[in-house]
Amino acid sequence: MKDYSGVWVYAEHDGNAISRSTLEIMGKGRELASRLGVELSVVLFGYGVSDLVETLIEYGADNVYVSDDERLKYYKTLNYAKLLTELIRRHRPEIVLFAASYKGRDLAPRVAASLRTGLTANCIDLDIGDFEDREKGERFEKILYQIVPAYGGNVVATIITPYHRPQIATVRPGNFQVPEKFPGKGKVFQINFGSEDWDDDVEVLEVERDEEDSKLEKARVIVGVGVGARGSEGVKILKRLAEALGGTLGATRPVVDAGLLPHECMIGETGKVVRPELYLACGISGAAHHMIGVRGAKVIIAINKDPKSPICEAADYIVIGDIFEVVPKLLEKLGKHGDAL
Amino acid sequence: MKQVTEMNIIVLIKQVPDPREYVRIREDGTLDREKTRGLINDCDKSALEAALRLKERYGCRVTAISMGPPKAEDALREALAMGIDDAVLISDRRARGSDTLATSYVLYKAIEKLGKFDLIICGAESSDGGTAQVGPELAEFLGIPQATFVEDFEVEGNHILLRRRMDGGHEKLRLAMPALITVLKEINKPRTTTFSGILRAMNMPISIWSLEDIGAEVDKVGLSGSPTKIMKIEKVNLRRRKILIEGDNVEEKVNNLLRILREEGVLSEVV
Ligand SMILES: Cc1cc2nc3c(=O)[nH]c(=O)nc-3n(C[C@H](O)[C@H](O)[C@H](O)COP(=O)(O)OP(=O)(O)OC[C@H]3O[C@@H](n4cnc5c(N)ncnc54)[C@H](O)[C@@H]3O)c2cc1C
Ligand SMILES: Nc1ncnc2c1ncn2[C@@H]1O[C@H](COP(=O)(O)O)[C@@H](O)[C@H]1O
């Protein structure tokens, strides 16, 4: 196990830019690497992606393993998994991190199973620490703590992979801030692979893009819509509030389940993780399932008519009141200020 | 080219606790599922429905497999009532606490024992584990192609054409069989069981296999055979400053709220 060293991040991109979730994970990866006293390496696969190497170095990559090949133009599970597994076998990193995106969650389990090692899904935090296995009398130093929300309510579990390497995890987008630029050593390694490695069981027929996706992740202000909004009338005034504050709408699960807002708006354990400057929770009771998605918000303000609802513990500021009275008043005043500008 | 009518489809179903019920967490961090009511995981039901629709159109054979405690038999019984042909339960105390690698290893050994298949359909993710890992890990053990988070698919000769969810949009793929797909619950609306279906299912056998039956190595399953371990479980601290915004009426509260928004710097760009 001692001969495994280094923190790796698998880089995602859309062909033009490195994805935000990759940069977030690199920030955390950098931190883990320096606590372990090892290098941060990033793996970049694709076609016409050489320009993106620079971004990776700016954000802290000591090494970039890049494979820029026409055959990698489309993401194909088997080929990508084979290449990456091979690379991991050769270089033996101790930690490999993926975004818990659709792609990351497609690829990581393939790689982990091929290497017969563990994989922890949807981490909301990562840390380095020790572990003592009393049963077996083994001690582990500086292993990866993989922190995930656990089923059953207000709990998080720390998962470890003590006896296998590498330690692999997928990380929920939105949990870490995009770091300041902090250039790494920036050594670049070109990876080539032979045609015998190639698989053609999958053909990509079409790629559709609906760009809307990342509005919530980028928003500075999010107005959260809860069951208290009581249907489309409430959604309408909260939408006006979001617009007045230069923000966008998020929602709890029952609101999405009722079809009041699209699935992309859902925040929480099974929805998105966001970190706006302001989260304004309107008619939301504050279930841990939901609040775990807004932990990273700088300020949380709740408007709720029930002073005993759990959100009153989990907010920075609380307005006790009916959203159908408070929000129109707020809009009126924001409107006045707006006119004055 | 193989006839679609000869196709063998395997559906993987997991019994999960009713999400509306309280689940106790054991000392070792695993869930105590004994006392809760078990349901078929949402998207596994959609996986069953997708397989049954193929069966109705082409007459293929559908087998459901589940790994779990003895009472997971209920889930398989329900699948039989929905209309599948065969049901297999892998139930072995030593498999308790298996992580996704250990689970997919066991399912792999069971599928090997079954022998032939053309298509494996899993749910995209389970509502209790929620990892979405078992499908792809199993596909890796079997060495077959996969497509995850599938929203729509059809069979065309030896291939399946499908539409899957992808970051920032969707993708359409053509996949050579044998293959494994994982489906989202949005893919269809699963049928409910009928009275005659339930009657039929009552008399159908469910194979119950142990680790020996499938030739699985004991040291690769269960808590001790799983690479990942639960080290600890803690309450999340979600508590914040909890400052009450005062005011005798709505007007005052809103004025105070605006002042705080300005102080916190979140309003500077708007007002
Ligand atoms: C496995 C699992 C995963 C889950 N994942 C998620 C998830 O990812 N995201 C998520 O959001 N939920 C999730 N949930 C559901 C979650 O547990 C809660 O049920 C949900 O978040 C509650 O939504 P809510 O606060 O909008 O509704 P409620 O709990 O019904 O709260 C409504 C609140 O509105 C207040 N209110 C009512 N009328 C007014 C009014 N006129 N003015 C002001 N206040 C008013 C009430 O006082 C109350 O506090 C999950 C549940 C399970 C079991
Ligand atoms: N114990 C199990 N028995 C049968 N199928 C399972 C089991 N666990 C997971 N699966 C399948 O794998 C899918 C993903 O599960 P998970 O990786 O737990 O999110 C589920 O929707 C099932 O189709």
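Within 10 Å of each candidate Cβ there may be at most 11 other Cβ atoms; applying that plus a DSSP loop requirement, which GluC sites (Glu not before Pro) in region B:231-271 survive?
For GluC sites (Glu not before Pro) across region B:231-271 that sit outside H, G, I, E and B with at most 11 neighbouring Cβ atoms in 10 Å, the list reads B:246, B:269.
State the answer as a single residue: which of A:285, A:226, A:242 lies farthest towards the positive end of the charge dipole of region A:215-340, with beta carbon charges of +1 for Lys and Arg and -1 for Asp and Glu, about the Cα centre.
In region A:215-340, that residue is A:242.
Relative to the longest principal Cα axis of chain B, at what angle does helix B:73-82 sit, 0 to 90 degrees, rounded to 10?
On a 0 to 90 degree scale, this one is about 80.
For region B:76-102 and region B:133-173, compute the distance between their C-alpha centroids and round to whole Å.
22
Counting other beta carbons within 10 Å of each residue's own, what order do B:166, B:82 fall into, fewest first?
B:166, B:82
Give me the percent of DSSP beta bridges within the protein assembly as shown that run antiparallel, rounded to the nearest 5.
Of the beta bridges lying entirely in the protein assembly as shown, close to 40 percent run antiparallel.
What residues qualify as long-range amide H neighbours of residue B:209, i.e. H under 5 Å apart, gap of 5 or more or another chain, H built at 1.01 Å from N?
Under 5 Å from the amide H of residue B:209 lie the amide H atoms of B:89, B:90, B:91, each far enough along the sequence or on another chain.
List the equivalent ellipsoid semi-axes of chain A in whole Å, largest first, each obtained as the square root of 5λ for an eigenvalue λ of the Cα gyration tensor.
40, 24, 18
Return the sequence-ordered ³J(HN,Hα) values of region A:4-13 in whole Hz as given by the Karplus equation 6.51 cos²θ - 1.76 cosθ + 1.60 applied to θ = phi - 60°, using x for Gly and Pro.
9, 8, x, 10, 10, 10, 8, 8, 9, 7
As a test of the formula, what do you get for chain B when each DSSP H run with n ≥ 4 contributes -39,500 (n - 2.57) and the sum is divided by the residue count, at 222 nm and rounded to the nearest 500 deg cm²/dmol?
-9000 deg cm²/dmol
Between residue B:219 and residue B:93, what is 0.36 nm times their sequence separation minus the Cα-Cα distance? Round to one decimal in nm.
Answer, rounded to one decimal: 44.1 nm.
With only Lys, Arg, Asp and Glu charged, each at its Cβ (+1 for the first two, -1 for the last two), find how big the charge dipole of region A:7-197 is about the Cα centre; round to the nearest 20 debye.
Value, rounded to 20: 340 debye.
With θ set to phi - 60° and the Karplus curve 6.51 cos²θ - 1.76 cosθ + 1.60, what are the ³J(HN,Hα) couplings of region A:251-265 in order, to the nearest whole Hz, using x for Gly and Pro?
With coefficients 6.51, -1.76 and 1.60, one gets 8, 8, 4, x, 5, 6, 4, 7, x, 6, 9, x, 3, 4, 7 Hz.
Long-range amide H contacts for residue A:128: which residues qualify at under 5 Å (H placed 1.01 Å from N, peptide plane, sequence gap of 5 or more or a different chain)?
It is A:145, by chain and number.
Would you kindly calculate the mean projected area, averaged across all directions, of the convex hull enclosing the Cα atoms of the protein assembly as shown, in square nanometres?
29.0
At 1.567 mPa s and 4 °C, plugging the Kirkwood radius over alpha-carbon pairs of region B:44-133 into Stokes-Einstein gives what diffusion coefficient in µm²/s?
In µm²/s, the coefficient is 93.
When a/c is below 1.5 the answer is rounded, else prolate if a/b is larger than b/c, else oblate, so apply that to region A:150-254 with a ≥ b ≥ c taken from the square roots of the Cα gyration tensor eigenvalues.
In terms of gyration-tensor shape, prolate.
Sorted from largest down, what three extents in whole angstroms do the Cα atoms of region A:7-197 have along their principal axes?
Per principal axis, max minus min of the Cα coordinates gives 50, 39, 33 Å.
Sort B:209, A:8 so that the residue with the fewest other Cβ atoms within 10 Å of its own Cβ comes first and the one with the most comes last.
The fewest-first ordering by Cβ neighbours comes to B:209, A:8.
What shape does region A:116-201 have by the C-alpha gyration tensor, where a ≥ b ≥ c are the square roots of the eigenvalues, rounded means a/c under 1.5, and otherwise prolate means a/b greater than b/c and oblate the rest?
Prolate is the answer for region A:116-201, as a/c is 1.5 or above and a/b outweighs b/c.
Take the alpha-carbon positions of chain B, form their convex hull, and give its projected area averaged over all directions (one quarter of the hull surface) in nm².
20.7
For residue A:60, list long-range residues whose amide hydrogen, built 1.01 Å from N in the peptide plane, is under 5 Å from its own amide hydrogen.
The list, which skips near neighbours in sequence, is A:182, A:184.
Nearest 20 debye, what's the magnitude of the dipole of the protein assembly as shown about its Cα centre given +1 on Lys and Arg Cβ and -1 on Asp and Glu Cβ?
Once rounded to the nearest 20, the dipole reads 1080 debye.
List the chymotrypsin sites (Phe, Trp or Tyr not before Pro) within region A:185-261 that fall in a DSSP loop (any state other than H, G, I, E or B) and whose Cβ has at most 13 other Cβ atoms within 10 Å.
A:198
First measure r as the distance between the Cβ atoms of residue A:218 and residue B:176, then evaluate 1/(1 + (r/R0)^6) with R0 = 56 Å and state the FRET efficiency to the nearest 0.05.
For residue A:218 and residue B:176, the calculated efficiency is 0.90.
Expressed as an acute angle from 0 to 90° and rounded to the nearest 10, what is the orientation of the C-alpha long axis of helix A:323-340 relative to the principal long axis of chain A?
Result, in degrees: 90.
Test of understanding: ordering B:231, A:26 by Cβ neighbours within 10 Å, fewest first, what list do you get?
B:231, A:26
For region B:110-124, take each phi angle, set θ = phi - 60°, evaluate the Karplus expression 6.51 cos²θ - 1.76 cosθ + 1.60, and give the result in whole Hz per residue in order, putting x for glycine and proline.
5, 5, 4, 5, 4, x, 8, 7, 10, 9, 10, 10, 10, x, 5
By how many degrees, 0 to 90 and rounded to 10, does the Cα axis of helix A:77-91 deviate from the longest principal axis of chain A?
On a 0 to 90 degree scale, this one is about 60.
Output needed for region A:215-340: three equivalent-ellipsoid semi-axes, defined as square roots of 5 times the C-alpha gyration tensor eigenvalues, in descending order, whole Å.
20, 16, 15
Quick note: the coordinates plus some simple rules give every number you see, no bench work behind them. Only a predicted model underlies this, so the values are computations on that prediction, with no experimental measurement involved. All Cβ positions, even for glycine, are placed from backbone atoms using ideal geometry, and neighbour counts span all protein chains on display.
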